[in-house]
Amino acid sequence: MRILEAKRLSMRFGGLLAVDQLDLQIDEGQIFGLIGPNGAGKTTAFNCIAGVYQATSGEIFLHGESTSGQRPWDLCRKGLARTFQVVKPFATKTVLYNVAVGGFARTSVRARAEEKALEVLESLHLAEKKDALAGNLTIGERKRLEIARALATEPRLLLLDEVMAGLRPTEVDEMVRILKRLRDGGITIFLIEHIMRAVMSLSDRIVVIQYGKKIAEGTPREIASDENVIKAYLGEEYGAA
């Protein structure tokens, strides 16, 4: 069943066309990758899908329903959550507090929000840090905290914006395992990522955009051998490999 669809999605900022007639279809249970050079319009597309921006033109459907005019908090209640490229936790608050904030999307009772937060922290191996201040976490722990806060909203579709940026190789491997486990638990994942070995190992399908326009779509194997993608983004060395 299709969980997300974008039709001819465009976003213009004055004279800049950041997203240009982008079509996407994501089915439930998929891990779907969005890649492209810096400045290609990936995060702008995410912001349109998540309701941060109202698209200049085109349509977005979540569970078959148009999202036109809906704001991020409306979409969150309908099962869409996202993380941000620049992680900004409540640095002077505890890890538990940070994640419980997400839990309030589903309940107004603090005890229930904290119970959900503890459950999520346990699944992401952060429970032992629940009383630590978020500002004292490592970058890897902050990335997991960002995911935990999104998971506390109980999403069906999770948008991840460069959640592996800045991680060490071993931390990337751990994040790949976490995301596969989330997918196996019933969460559909739509991710932007520059770490190609992670994208290629995780994704069922990948869309590549350049200057806001889709230049390729396919399986990881198809994308890795696409001449347009190699020239625009992966590089000749990657194609040779």
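What 222 nm value per residue comes from the helices of the chain, counting each DSSP H run with n ≥ 4 as -39,500 (n - 2.57) and dividing by all residues, nearest 500 deg cm²/dmol? Before the final figure, lay out each step's value.
On the way: 9 runs with 83 residues, N = 241.
Counting only the DSSP helices, I get -10000 deg cm²/dmol.
Converting the Cα gyration tensor eigenvalues of region 69-136 into ellipsoid dimensions via √(5λ) gives semi-axes, longest first, of 21, 15, 11 Å. Under the criterion of Cα pairs below 8 Å and six or more residues apart, the relative contact order for region 87-154 equals 48 percent.
3J(HN,Hα) couplings calculated from phi for region 143-148 with the Karplus curve 6.51 cos²θ - 1.76 cosθ + 1.60 (θ = phi - 60°) are, in sequence order, 5, 5, 5, 4, 5, 4 Hz; Gly and Pro show x.
Each residue of region 32-44 was assigned a 3J(HN,Hα) from its phi angle through the Karplus curve 6.51 cos²θ - 1.76 cosθ + 1.60 (θ = phi - 60°); the sequence is 10, x, 10, 10, x, x, 4, x, 6, x, 5, 5, 4 Hz, with glycine and proline shown as x.
Kirkwood-based Rg over Rh for the chain (C-alpha set), two decimals? In the chain, Rg relative to Rh is 0.97.
Taking Cβ atoms as reference points and 15 Å as the exclusive limit, the residues near Ala100 contribute a net charge of +1, counting Lys and Arg as +1 and Asp and Glu as -1.
Computed from the coordinates by the stated procedures, all read-outs in this text should not be read as laboratory data. Source: prediction; values computed, not measured. Using ideal geometry, Cβ is built from the backbone for each residue, glycine included, and neighbour counts are taken over all protein chains shown.
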